[in-house]
Amino acid sequence: MIKIRSLPLGIFLVTMFALPPVILPPLVNAIPIEQIPTLNPQAGLWVSDRANLLSRAGITQISGDIAKLEAETGAEIAVVTVPDTLPYPTPKAYATALFNRWKIGKKSQDNGVLVLVSLKDRRIEIETGYGVQRFLPDAKVKDIIYTYMIPSFKTGNHEEGIRAGVTVLSGFLRGAYGLRQTEFKPQIAISILHLVLAILMVGVSFPSMLILYFVYFRCAVGGNGRGGRSGGSNGNSDYCGYDGGGYGGGGYDGGDFGGGSSGGGGGGSSGGFGGGSSGGGGGGGDW
C-alpha cells in the first residue's frame, strides 16, 4: 500500500499564495429587466442610467425634454442604459421585452418609444410602439441612430449621442401630424382637372404626365393611409413633402395616435407609463 505523505502546513500555504489568482468575470453586468425599477414619468423620471453613461445634469435635461414632449403630444419616450443585456439572446429581444413590461406609450395609441443602450454590446436599440411605426419606420429609426447618435458614441460622448437621438425622435413625434395637416391639405385640394391643365400649359411629355398624376394620386388618396404593423411609413411622405420633421421638430396640432390630443398626463398599471405595446418595430446600430 502506497502512503501519501502530507505536506507541512508552511509549504502548503506558500504553494497556495504562489499560484496566480484566478479572476472570475463579474456577475454584476447582467441586469434582468425584472430588476430594473420601473420609471415614474409622473415624477419626471424618464431615464434609467444603469450603465452610468450620463451626468446628473444630462439626465435632468433629457427627462425635461421628454416630459415636455409628453405634455404636448401624449407620446412617451423612455431612455435606459444597461451594462449588458443578458440573459436575453440579443439587445433587440431585451428592448422588446422591457418595452412591453413597462408598457411605454398610451394604451389606446401605442405612441411609445424606448431608447436602449447596452455598453458591453456596444449597441443602441430604439423600440417603437405600433402607433408611431408609420412615422418612424424601421429604416428611419436606423438612420437616426447612425446619423445622430453613433458619431458621438464613437468619440466616447454617450450623453451627447443620447440627447441628439431623443431630440430627433421628439421632432418626428411633434411634427408628424402637424406637418401633415398644414402641408397635405393644399395639395389634396388641387383637382385633377387643374393638374391636367397645368401639364398641358407647360407641354410636358406623356411619361411626365403619368408621373405627376401618380404623385397627385398618392398625396390625395393615400394621404391618410396607415402603415402596416411591421413599421412601414405612411407611404407618401417622400412624394408630398413630409419627411417627419428636422432635428428641431415641428408643431403638433392635434393627436391622431388613435384619438384626440392627449395633453399628456395619465399613468397605467405599469408604474407610470400609459399601457402601450410594441411588436418589435424599430432599429438598432453598433458603435
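State the number of residues belonging to region 40-62 that are free of Cβ contacts under 8 Å to residues at least 60 places away in the same chain, of a type in the set (V, I, T) and part of a helix (DSSP H, G or I).
Going through region 40-62 one residue at a time, the tally reaches 2.
How about region 102-125: which of its residues are over 16 Å from the mean Cα position of the chain (by Cα) and either under 19 Å from G161 (Cβ atoms) or among the basic types (K, R) (or both)?
Those that are over 16 Å from the mean Cα position of the chain (by Cα) and either under 19 Å from G161 (Cβ atoms) or among the basic types (K, R) (or both): K107, L119, K120, D121, R122.
How about region 127-190: which helices (runs of 4 or more DSSP H) wholly inside it have at least 2 residues that are within 28 Å of S108 (Cα to Cα), at pLDDT 90 or above and of a type in the set (G, A, S)?
Helices (runs of 4 or more DSSP H) meeting the threshold: 158-179.
Can we say L197 is at pLDDT below 95 and either surrounded by fewer than 23 Cβ atoms within 10 Å (Cβ to Cβ) or under 24 Å from G105 (Cβ atoms) (or both)?
Yes.
Quick one: T90 ticks every box in (1) over 12 Å from the mean Cα position of the chain (by Cα); (2) touching a residue at least 12 places away in the same chain (Cβ under 8 Å) except a single one, so which number is it?
Status for T90: all satisfied but (2).
Could you count how many residues in region 63-79 are touching a residue at least 40 places away in the same chain (Cβ under 8 Å), over 16 Å from the mean Cα position of the chain (by Cα) and over 15 Å from G105 (Cα atoms)?
Result for region 63-79: 0.
Given the residues V22, V14, V79, which is the only one that is of a type in the set (V, I, T), in a helix (DSSP H, G or I) and either at pLDDT below 90 or within 16 Å of S170 (Cα to Cα) (or both)?
Result of the check over V22, V14, V79: V14.
How many residues does region 105-117 contain that are more than 15 Å from S170 (Cα to Cα) and either touching a residue at least 40 places away in the same chain (Cβ under 8 Å) or part of a helix (DSSP H, G or I) (or both)?
Residues that pass the stated criteria total 6.
What is the one condition in (1) more than 19 Å from the chain's Cα centre (by Cα); (2) at pLDDT 90 or above; (3) under 24 Å from S278 (Cα atoms); (4) not polar (S, T, N, Q) that A57 does not satisfy?
(3)
The values are calculated or read from the model by the stated rules, or taken from the named source; none is laboratory data. Keep in mind that this is a model prediction, so the values were computed, not measured. Neighbour counts are summed over all protein chains in view; Cβ atoms, including those assigned to glycine, are modelled from backbone coordinates with ideal geometry.
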